[in-house]
1. So how many Lys-Lys pairs in segment 86-139 land under 24 Å Cα to Cα, not counting same-chain pairs under 8 apart?
2. Taking a cut-off of 20 Å between Cα atoms, list the aspartates and glutamates near LYS29, but don't count ones fewer than 8 places away on the same chain.
3. Check TRP132: other-chain or 5+ apart residues with amide H under 5 Å from its amide H, H built from backbone geometry?
4. Between VAL114 and THR87, what length comes free when the chain is fully extended (0.36 nm per residue of separation minus the Cα-Cα distance, one decimal in nm)?
5. If I model a spin label at ARG48 and LYS68 as a point 7 Å from the Cα along the Cα→Cβ vector, what separation in nanometres do I get?
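Bear in mind these aren't lab numbers, they're just calculated from the coordinates by the rules spelled out. Nothing here was measured: the structure is a model prediction, and the numbers come from that model. No Cβ is skipped: glycine too gets one built from the backbone with ideal geometry, and neighbour counts run over all protein chains shown.
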Amino acid sequence: MMKKDEINPLAISTFSSFPAGIAIKKYVKLPIITLILCGCSSQWVASRPGAEALSSARPACETQSEKKFPVKNEVAQRTVYSQKYETCKKNEECDGKKYKTTERPETESYVMDVNKDSRRNEFYGCMSVKGWEYETKWF
């Protein structure tokens with residue numbers, strides 16, 4: 001005999017017949033558990049026999065890439081649009097509403113290192129020459 005609060009799973013035939021919250025619990029658990037259990041690991045792996053020692057190759061490549069492409073911060077700007085609410089004036093067309101929504105452009109400034117990608121590419125290229133590859137494993 002089932003208790004009053006229990007749900008008979010055989011009586012549920014469609015998604016819409018689930019009580020509130022039951023469908024979420026049932027159908028969200030699996031993707032959340034899957035995401036929690038998934039992950040990745042990245043490491044440097046020797047790509048050939050006789051590769052230079054990682055402990056010396058890495059600092060040498062960092063120095064080389066930083067010397068060739070030093071940090072060069074520049075101010076960049078981008079335009080973003082924000083919604084503003086304005087009160088409608090007597091003679092304005094507002095579809096019977098008291099307020100209208102308008103989008104206004106705003107300029108944002110931010111600092112970025114313009115040599116970052118070139119420095120990273122130089123570093124990875126140097127590591128490759130010294131016999132190392134950066135490998136990512138998914139599990």
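1. 6
2. LYS29 reaches GLU6.
3. For TRP132, whose amide H was placed from the backbone, the distant partners under 5 Å are SER47.
4. So the chain would gain 5.4 nm between VAL114 and THR87.
5. According to this spin-label approximation, the distance is 1.7 nm.
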